[in-house]
There are 2 protein chains.
Amino acid sequence: MKREKDVFIFMITELTKKQIAEIKSLYTKHGRKKSPFCVVEGVRACEEIFNRCRNLIEYVVISGDYHGRSNVPTDVKSFIVKNSLFNALAGTVSSQGILAIVKVPEENIQVVKDDFIVALDRIGDPGNFGTICRTVKSANLNHLWYTKGSVDPYNDKVIRSAMAAQFLLNLREFENLEELRKEAVRQGFNNICLSKPASGSSCFTTGGIYDKSIMVIGSEGQGVSDLSGAIDIKIPMPGNFESLNAAQAATILIFEYVRRKEANLKL
Amino acid sequence: MKREKDVFIFMITELTKKQIAEIKSLYTKHGRKKSPFCVVEGVRACEEIFNRCRNLIEYVVISGDYHGRSNVPTDVKSFIVKNSLFNALAGTVSSQGILAIVKVPEENIQVVKDDFIVALDRIGDPGNFGTICRTVKSANLNHLWYTKGSVDPYNDKVIRSAMAAQFLLNLREFENLEELRKEAVRQGFNNICLSKPASGSSCFTTGGIYDKSIMVIGSEGQGVSDLSGAIDIKIPMPGNFESLNAAQAATILIFEYVRRKEANLKL
């Protein structure tokens, strides 16, 4: 792409058959396992990647009728393809004419400086996992830990729900909650709180649950795994209806932290 | 269906062609408009209907390999169909072998006795609308108001996300926020709060926002409509990321009410 008098001229280059097959494979679990890449779809998610982790972009694919071309950074390799090919590649009708092939960040064993860590235990629903990534980032937290049995965080659906927030977080996978706790304790996070639908102390009135603590949210179907010595935390639900969706429960627990932090209350 | 020695014997009766066509049409906007019914899919949502509003059920359709037959009340008309027909009827692979054809409740102009009312302004996403229904019910609130331009609350996807909570709420549709406010004021709800992503007073520290108030949540794309004299309310978002998903924002605002209520704080 070169810039001429403020008008962007794209080089019309063809995707190779190999690239087409690669993109398609990234929509499958098996394909992602064999590849260092993942696929990021949609205008807002791609813009997050352009703005915050451009170095991870391998290339961008744009459909012929996509109108936001000028927002694609000039140093990013772009392919414009026919609408029919784009639609055959994209995972949804709401892919909005742009997708990026992006390197999956390597797991990064960092010292956690945040006040608390959100951990997900076997969250299998892509929408829930993605929404929680986005909510964690909104709360200015930088880490998200999860156990095996959770959905792949670089699944295209998870990326779409997260608006690509997972690229801005330090994600770490653990074999199970026992292994996760070992690492937590090693880093000085001694309280492990488990979010329970019906038992435990109220998240709104229990002190210390955000002070060098881990808050574990389990899957909707199975709940959180057992873990001896953990603190059960419950969200008061006066309506006595079905337990909340996992992403809603996580949001309440995360923003109770924000509330305490903003008001300079004891975490 | 008759009961013999604690074993349920289902009458194998065939769905008529007309019924098959009716069920299929309920998955479309056009079809729902012409029909007094809607379709409720899945075990948990159907159980809510069995337990809480059985009088609304027209009939139930069960796939041949569905194992929870004994949970279907004996006084409910049931059809067992071949798996292939069931799968052709159901909207998702996760329909779990059971769906119910249910009367859409009539709009009920009730005096609102709750402390506050959640209102949705042009929420088009079925998952968001449904999740918010479920969260409103969890908070022991009984009303949900919404403006034209929102998704049909009896769309099958909305029902699935809500776990059928909309059947337990008083839903009311208004032409726009001005009309909604007129009715609110008539009922003594004089404060209209608009959830804004970047401006306004903090939901965590502003008094009076749950005391005979309306809290309006807008669509993710467009935000809340303008309304003069309304109070802008913001959720503090220290992470400076994209604004929260509409359902997450609603959840935070609704459970801040629960928190204040549980602690006997000023609403």
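The values are calculated or read from the model by the stated rules, or taken from the named source; none is laboratory data. In this text, all values refer to a predicted model and were calculated from it rather than measured experimentally. Methodologically, a virtual Cβ is constructed for each residue, glycine included, from the backbone with ideal geometry; neighbour enumeration extends over all protein chains shown. Side chains are part of the model used for accessible areas, which takes the heavy atoms of the whole protein and leaves out ligands, DNA and RNA. Shrake-Rupley method; radii C 1.70, N 1.55, O 1.52, S 1.80 Å.
To the nearest 100 Å², how much accessible surface do chains B and A hide from each other in total, with a 1.4 Å probe?
Accessible area lost upon association: around 3200 Å².
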note = Checked against the positive end of the charge dipole of the protein assembly as shown (+1 on Cβ of Lys and Arg, -1 on Cβ of Asp and Glu, about the Cα centre), the farthest of A:S150, B:H143, B:I132 is A:S150
ask   = What residues have an amide H closer than 5 Å to that of B:I231, excluding those fewer than 5 places away on the same chain, when H is modeled at 1.01 Å from N in the peptide plane?
value = B:I192, B:C193, B:L194
note = Expected output for region B:223-244, residues with a loss of 30 Å² or more in accessible area relative to the chain alone at probe 1.4 Å, reads B:P236, B:P238, B:G239, B:F241, B:E242, B:L244
request  = Could you tell me which of rounded, prolate or oblate describes the protein assembly as shown, using a ≥ b ≥ c as the square roots of the eigenvalues of the alpha-carbon gyration tensor, with rounded for a/c under 1.5 and, failing that, prolate when a/b is larger than b/c and oblate otherwise?
outcome  = rounded
remark   = Which residues qualify? For B:R122, with a placed amide H closer than 5 Å and at least 5 residues away or on another chain, they are B:T147, B:S150
note = Calc'd 3J(HN,Hα), region B:220-235, phi into Karplus 6.51 cos²θ - 1.76 cosθ + 1.60 (θ = phi - 60°), Hz, glycine/Pro = x, comes to 4, x, 9, x, 7, 5, 5, 7, 5, x, 7, 9, 7, 10, 10, 8
message = Rg/Rh for chain B to two decimals, with Rh computed the Kirkwood way over all alpha-carbon pairs.
response = 1.04
request  = Determine the percent antiparallel among the DSSP beta bridges restricted to chain B, to the nearest 5.
outcome  = 35 percent
query = Looking at region B:2-103, how many pairs of lysines come closer than 18 Å at the Cα, when each pair is eight or more places apart or spans two chains?
reply = 17
task = At 1.4 Å probe size, with no ligands or nucleic acids counted, give the accessible surface of B:S228 in Å², nearest ten.
result = 90 Å²
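Magnitude of the Cβ-charge dipole of region A:116-262, K/R +1 and D/E -1, about the Cα centre, nearest 20 debye?
Dipole about the Cα centre, nearest 20: 420 debye.
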key: Percent antiparallel among DSSP beta bridges (both partners in region B:46-201, rounded to 5)   = 30 percent
key: A:T16 accessible area, 1.4 Å probe, all protein chains in place, Å² to nearest 10   = 70 Å²
query = Once Lys and Arg get +1 and Asp and Glu get -1 on their Cβ, which of B:Y257, B:I217, B:G239 lies farthest toward the positive end of the dipole of region B:116-262?
reply = B:Y257
Within the accessible area of region A:28-165 (1.4 Å probe), percent carbon and sulfur = 47 percent
note = For A:G200, the residues 5 or more places away or on another chain with a placed amide H closer than 5 Å to its own amide H are none
request  = Any chance you could get the radius of gyration and Dmax over the Cα atoms of region B:19-77, in Å?
outcome  = 12.2, 34
Karplus-derived 3J(HN,Hα), 6.51/-1.76/1.60, for each residue of region B:20-25, Hz, glycine and proline x = 4, 5, 5, 4, 4, 5
inquiry  = Spelling out what I want: for every residue of region A:160-167, take phi, set θ = phi - 60°, compute 6.51 cos²θ - 1.76 cosθ + 1.60 (Karplus), and round to whole Hz; glycine and proline get x.
reply    = 5, 5, 7, 6, 6, 4, 4, 6
ask   = Normalised by the number of residues in chain B, what is the relative contact order in percent for Cα pairs under 8 Å and 6+ residues apart?
value = 17 percent
inquiry  = Please compare each pair in B:K137/B:K261; B:K148/B:K261; A:K157/B:K157 to a cut-off of 22 Å on the Cα-Cα distance and tell me which ones are over it.
reply    = B:K148/B:K261
key: Dipole of region B:2-103 [Lys/Arg +1, Asp/Glu -1 at C-beta], most positive-end residue of B:V72, B:G42, B:Q19   = B:Q19
message = Buried by at least 20 Å² relative to the chain on its own: which residues of region B:251-266 qualify, computing accessible area with a 1.4 Å probe on protein heavy atoms?
response = B:T251, B:I252, B:F255, B:V258, B:R259, B:E262
key: Projected label distance in nm at B:E175 and B:N83, using a 7 Å step from Cα toward the beta-carbon   = 5.3 nm
query = Of B:D125, B:D75, which has the most accessible area with a 1.4 Å probe, and how do the rest follow in descending order?
reply = B:D75, B:D125
key: Area accessible to solvent at A:D211, 1.4 Å probe radius, in Å²   = 80 Å²
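For the protein assembly as shown, give the share of DSSP beta bridges that are antiparallel, in percent and rounded to the nearest 5; count only bridges with both residues there.
Percentage antiparallel, nearest 5: 35.
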query = When the Debye formula is applied to the Cα atoms of region B:153-267, each taken as the same point scatterer, what base-10 log of I(q)/I(0) results at q = 0.12, 0.13, 0.15 Å⁻¹?
reply = -0.48, -0.57, -0.76
query = Counting other Cβ atoms within 10 Å, which trypsin sites (Lys or Arg not before Pro) in region B:107-201 have at most 15 and lie in a DSSP loop?
reply = B:K113
